[in-house]
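Notes to accompany the following structure.
Coordinate-derived values only; no laboratory data. Quick caveat: nothing in here was measured; it's all calculated off a predicted structure. Note that each Cβ is placed from the backbone with ideal geometry, even for glycine, and that neighbours are counted across all protein chains shown.
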Amino acid sequence: MFTVSIIGEKAFSNWPMRITIAQVVLLLCFHEVSQLNWCFTIYIILLTKVLYQHVRGTIKAVLLGFGLISLYTIIRASYTSFSTYSLLASTSDFLTSLAVVLIIQYIVEMERQKNALKEAMKREEMMFEHEKMRVVGELAAGLAHEIRNPLASLRGFLQHSKQRQHNIEPWYDLMMDEISRMNKLTVEFLQFSKPDPSSYRIHSLHECLQKVVYLTGPKVSDLGLRLVYVDNKSDMKVRIDMSKMVQVFVNILNNALESMAGIGSGTVTLRLSQEGPRVVVEVQDTGEGIRAQDMKQIFNPFFTTKVEGTGLGLPICKKIVQDHGGEIEVSSSPGLGTTFSVSLPAVSD
């Protein structure tokens with residue numbers, strides 16, 4: 001009957017506690033009638049099943065284990081004589097039940113933590129997907145808004161010329177500027193696409209920065225400013241897409257130059273160094289600095305303080321750096337200047 005109750009347990013899953021009580025009673029009857037000491041193994045198996053399925057909490061589990069083994073000990077004492085051996089055997093039985101209880105509780109707790117971790121990871125993944133869709137939505141809305149303005153201008157010029165049969169030649173330059181601005185917006189928007197790791201190669205970051213200095217040199221001279229390049233160690237290697245990293249540093253350097261253009265003088269310091277396993281590039285200017293209320297938004301797409309800016313430059317720079325396993329940070333003091341810091345994983349020879 002005890003065996004049948006175990007086999008047919010699933011058929012009565014609506015009454016788990018009743019089935020468990022019936023199994024305990026049937027096991028006690030079997031032990032009483034058979035008077036077999038190896039019934040202790042069956043007690044332990046039943047205890048394990050009950051602990052795993054129904055009992056939560058160490059104190060409850062210990063009390064249940066001691067209670068079940070106490071019943072076993074009482075029945076065992078009814079057909080065996082009292083002796084030192086039987087006393088030691090009973091003590092061993094109680095210790096065994098205690099060990100089983102603690103092991104089962106440990107397994108249950110580990111499984112609970114694992115399930116909780118899975119749920120947390122699932123929630124985090126859902127939040128990440130939600131955030132990703134939100135960002136994509138903001139980018140799409142911002143791009144649509146920015147493109148709509150030049151389109152409205154073009155539409156107005158064309159309608160005006162059609163209605164009054166005017167020659168649109170005087171507006172050619174203005175219309176071409178608007179078309180160029182739309183093209184620039186779409187090109188920059190496409191920079192948010194997935195990185196292409198196949199274009200990553202091991203390069204000297206010193207060579208990358210030398211190219212940046214060469215490209216920005218004419219603008220520095222035209223603005224009457226000064227560019228200082230400090231290379232503390234020229235043999236530092238990184239795995240990068242050279243063209244994209246040049247784009248990042250040229251963009252940051254141009255922002256620094258433009259922040260000092262209104263002042264008419266100033267110095268941009270480009271500094272290369274190594275901090276542990278990472279290579280660090282700092283771009284420090286003596287410009288106007290960034291206002292505190294703008295610091296939290298400078299990496300947001302389409303946020304800009306420039307009259308002709310698109311607000312995509314720094315967000316693209318941040319994404320490119322992150323695609324390379326790096327980080328970009330900024331510190332600024334209004335009136336004293338701004339420092340952008342880009343760190344990338346170093347690659348050994």
* To do: Using a Förster distance of 51 angstrom, determine the FRET efficiency expected from the C-beta separation of Leu36 and Asn14, and round it to 0.05.
  => 0.95
* Structure fact -> HN-Hα couplings for the range 331-343 via Karplus (6.51, -1.76, 1.60; θ = phi - 60°), in whole Hz with x for Gly/Pro, come out as 9, 8, 10, x, x, 10, x, 9, 10, 9, 10, 10, 10
* Structure fact -> One can check that the equivalent ellipsoid of the range 2-120, built from the alpha-carbon gyration tensor with semi-axes equal to the square roots of five times its eigenvalues, has lengths in Å, largest first, of 28, 19, 9
* Can you list the lysines whose alpha carbon sits under 22 Å from that of Lys10, skipping same-chain ones fewer than 8 residues off? -> Lys49
* Which order, highest average first, do 27-36, 119-128 follow once you tally other Cβ atoms within 10 Å for each residue and take the mean per peptide? -> 27-36, 119-128
* **the range 198-347, relative contact order [Cα under 8 Å, separation at least 6], %** => 25
* Structure fact -> Looking only at lysines whose Cα falls under 18 Å of Lys132's and that sit 8 or more positions away or on another chain, we get Lys122, Lys194, Lys318, Lys319
